[in-house]
Amino acid sequence: MTAPRLEIDLNKIYHNAHELVVRLAERGISVTGVTKAALGSVEMANTLLRAGVTALGDSRIENIKAICLARNSAQIKDAAMLLIRSPMLSQVAQVVRYADISCNTEIDVIKKLSVEAQKQSRTHQVLLMVELGDLREGIMPGDLIGTVREVLSLPNILLKGIGTNLACRSGVSPDATNMAKLSELADLIETTFDLTLDVVSGGNSANIQWALNGAQTDTGRINNLRLGEAILLGCEPLQRQAIEGLYTNAITLVAEVIESKRKPSQPTGDIAQSAFGETLLANDRALTDRGIVRQAILAIGIQDIDPSGLQAPAGIEILGASSDHLVVASVKGDLFVGEEVTFQLNYSALVRAMTSPFVSKVFTHRQYATSEPACTQVSA
């Protein structure tokens, strides 16, 4: 089997998605399965839909198009597609054609969507995103009523609901205060315009702790979350803690050793910037003299992954990386040329590896004994 590759266990993905769908349903919250880290994978889309997600969300219209073109499958055929990044004006025709719903913050964009929807004889639904503190996308709360008024006047545009996004740019945590504010805004819109919002989307995987905090959490009007990382990696993004009962090893990265030698632990010569503009610091571990180490190079690099987002198996330490090389040291014995090493990934490393054309994607459907427990910690 070729390397490097991502090994994607669809049974574990299904388990994670289904568990979250069931748990959140008890709180009155539906799940939009986010596929952006799966690069428009039809296999992933089908798995999420079988697990019970009510819609599929992606930040790239190209991924949504790929999934839509595979709508001959029973699961995908009736699935609602949500563009979770604000549409580009240059892509409004594709957005109307392939996305049923899009997240929006700019009235000029929504007006263009309206014009295009009329051309295509379609009705396009919009989810207005509200700024609640993280300072990424969002309409300021004080401007929301005016924006809604304009949206409601546009032909072939349907206001589906409102939403917000937290913890992505500034790390602002979803909590009782900002979630209550979103609920209040939903009530205000409905009262002002005598309508009912179908969706009040509280955020992403960072909302898991808030949403599943038992009786202590009043979920208010929040009836949807957009989940990617929690499903794919089995953890919540705020502290990267494993979610109880979910697999944290549903996706792993496999890379192949292309060099294995004994080498000094310290570089020699004058130290300048590396290929990526970095300079070793005096307290950098790479400058700690550990004598001769068992060093190996694997055929993957910064072009394909975020090295800081990899967790090596026990006995192997990541020393550094360049464009095409990942340098490791082994304390358990020499690695041999051609040997494969399996790594866990965080979301940053996963997104980059999934996007790289040089990393193969291998989907598996392994079967497990009913007695096997779900992993609650990272395992190799």
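One Cα centroid belongs to region 151-173, the other to region 208-278; the line between them spans 27 Å. Near the amide H of Ala321, within less than 5 Å, lie the amide hydrogens of Val327, all on another chain or at least 5 residues away, with H placed in the peptide plane. Remark: the chain carries a charge dipole of roughly 680 debye about the Cα centre, counting +1 on each Lys and Arg Cβ and -1 on each Asp and Glu Cβ. When each of Val130, Val331 is scored by the number of other beta-carbon atoms lying within 10 Å, the sequence from fewest to most is Val331, Val130. Candidates Ser205, Thr268, Leu48 compared by Cα position along the dipole of the chain: farthest toward the positive end lies Leu48, with charges placed on Cβ. Near Val115: Cβ cut-off under 13 Å, other residues only, Lys/Arg at +1 and Asp/Glu at -1. The net charge is +2.
Peptides 22-28, 197-203, 255-261 ordered by packing proxy, namely the average of other Cβ atoms within 10 Å per residue, highest first: 197-203, 255-261, 22-28. So if I take the centroid of the Cα atoms in region 131-146 and the same for region 53-85, what is the distance between those two points in Å? Taking the Cα centre of region 53-85 as reference, the centre of region 131-146 is 27 Å away. Of the beta bridges in the chain, as assigned by DSSP with both residues counted there, near 45 percent are antiparallel. Within the listed set His18, His124, His365, the residue fluctuating most in the Gaussian network model of the chain (springs between alpha-carbon atoms under 10 angstrom) is His365. Here the sum of -39500 (n - 2.57) over DSSP H runs of 4 or more residues, divided by the residues of the chain, equals -8000 deg cm²/dmol at 222 nm, to the nearest 500.
Semi-axes of the equivalent ellipsoid of region 128-230 are 24, 15, 12 Å, computed as sqrt(5λ) over the eigenvalues of the C-alpha gyration tensor in descending order.
The aspartates and glutamates within cross-link reach of Lys112, meaning a Cα-to-Cα straight distance under 16 Å and a gap of 8 or more places when in the same chain, are Asp100, Glu150.
Mean-square fluctuations from a GNM of the chain, with a 10 angstrom spring cutoff on Cα atoms, peak among Ala242, Ala176, Ala250 at Ala176. Checked against a 24 Å cut-off, the cross-linked pairs Lys111/Lys160; Lys12/Lys332; Lys12/Lys361; Lys111/Lys181; Lys12/Lys36 give Cα-Cα distances beyond that limit for Lys12/Lys332; Lys111/Lys181. Calculate, in nm to one decimal, what Arg27 and Ser121 gain on full extension: separation in residues at 0.36 nm each, minus their alpha carbon distance. Extra length from Arg27 to Ser121 when fully extended: 30.1 nm. Here the Gaussian network model covers the chain, with springs between Cα atoms less than 10 Å apart; of Ile162, Ile302, Ile67, Ile302 fluctuates the most. Candidates Gly320, Gly309, Gln295 compared by Cα position along the dipole of region 251-363: farthest toward the positive end lies Gln295, with charges placed on Cβ. Backbone phi angles across region 325-333, fed through the Karplus curve with coefficients 6.51, -1.76 and 1.60 (θ = phi - 60°), yield HN-Hα couplings of 10, 10, 9, 10, 10, 10, 9, 9, x Hz in residue order; Gly and Pro are listed as x.
Values (1) 28, 58, 15, 0; (2) 24, 44, 23, 8, 0; (3) 26, 51, 21, 2 are given for comparison; P(r) over Cα pairs in 20 Å bins from 0, in percent, derived from the coordinates here, is the one labelled (3). Net charge of the neighbourhood of Val199, taken over other residues with C-beta under 11 Å away and scored Lys/Arg +1, Asp/Glu -1, is +2.
Every number in this text was worked out from the coordinates using simple rules, so none of it is lab data. Keep in mind it's a predicted model, so treat the numbers as computed, not measured. No Cβ is skipped: glycine too gets one built from the backbone with ideal geometry, and neighbour counts run over all protein chains shown.
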